[in-house]
Amino acid sequence: MRPRPRDTRSRDSSCRGQQRTVKPSSSTLTTMKSLELIQNLFHGNASLLAQVEYSYSSQGKPPGPVFWICYTAYAILIIAAWWKIFSKAGQPGWAAIIPIYNWIVWCKIVGRPAWWVLLLLICFPIFFIILSIDLAKSFGKGVGFAIGLILLSVIFFPILGFGSATYQGPSAAPKP
């Protein structure tokens, strides 16, 4: 086996004066400063992005079968309720399962123009409230029922669809 070459540099403080210092060039300093500036500007935002957790639970597991069964039951109930509401209003029931088109039909039922769908896309909560109030009035219900449609949709939309309420025409239609 061959002996390892000996390091000729001394590690004690007496030889520090003999060490050679390397000064970086001005272009290297400029590059380093610009990189440091970029890191300072974007580091805060990057750390915020790193804190986002995309899991559904604290253990990082996806939702279990009970969640999916409840979610499917909820979706079927709401679709069936909207199907009945559309049928009572003289519109095709299948429109309840077509995204965006169901909003167009909803606007038609309550007497609002179809371009209100754009308003729903921009600010859903406000126009959902307005259309829910109009829907309740179109079926002869009051503002109290409309509040129920807004706050307890899972209960009040099926009541409207499967109950004895009858469609009385668009409530938001302009009066002659």
Along Cα→Cβ, 7 Å out, is where each label goes; now give me the distance between the ones at THR31 and TRP115 in nm to one decimal. 5.6
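Full extension from ILE100 to LEU151: what is 0.36 nm times the residue separation minus their Cα-Cα distance, to one decimal in nm?
So the extension gain works out to 16.2 nm.
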Pairwise label distance in nanometres, SER87 with THR72, each label 7 Å out on the Cα-Cβ vector: 2.3
Find out how many positive minus negative residues lie around VAL105, taking Lys and Arg as positive, Asp and Glu as negative, among other residues whose Cβ is under 15 Å from that of VAL105. +3
Karplus couplings for region 100-110 from phi (6.51 cos²θ - 1.76 cosθ + 1.60, θ = phi - 60°), rounded to Hz, Gly and Pro as x? 6, 4, 5, 5, 4, 5, 4, 4, 5, 4, 8
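Which chymotrypsin sites (Phe, Trp or Tyr not before Pro) in region 63-158 pass both tests, a DSSP loop state and at most 13 other beta-carbon atoms within 10 Å? Before the final figure, lay out each step's value.
Details: sites: PHE67, TRP68, TYR71, TYR74, TRP82, TRP83, PHE86, TRP94, TYR101, TRP103, TRP106, TRP115, TRP116, PHE127, PHE128, PHE139, PHE145, PHE156; in loops: TRP115, PHE139.
In loop regions of region 63-158 (DSSP not H, G, I, E or B), the sparsely surrounded chymotrypsin sites (Phe, Trp or Tyr not before Pro) are TRP115.
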P(r) of region 84-161 in 10 Å steps, Cα pairs, percent per bin? 20, 55, 25
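Read the figures in this text as sums done on the coordinates, not as results from a lab. The shown structure was predicted, so the numbers you read here are calculated from the model rather than taken from an experiment. So basically every Cβ, Gly included, is an ideal-geometry build from the backbone, and we count neighbours across all protein chains shown.
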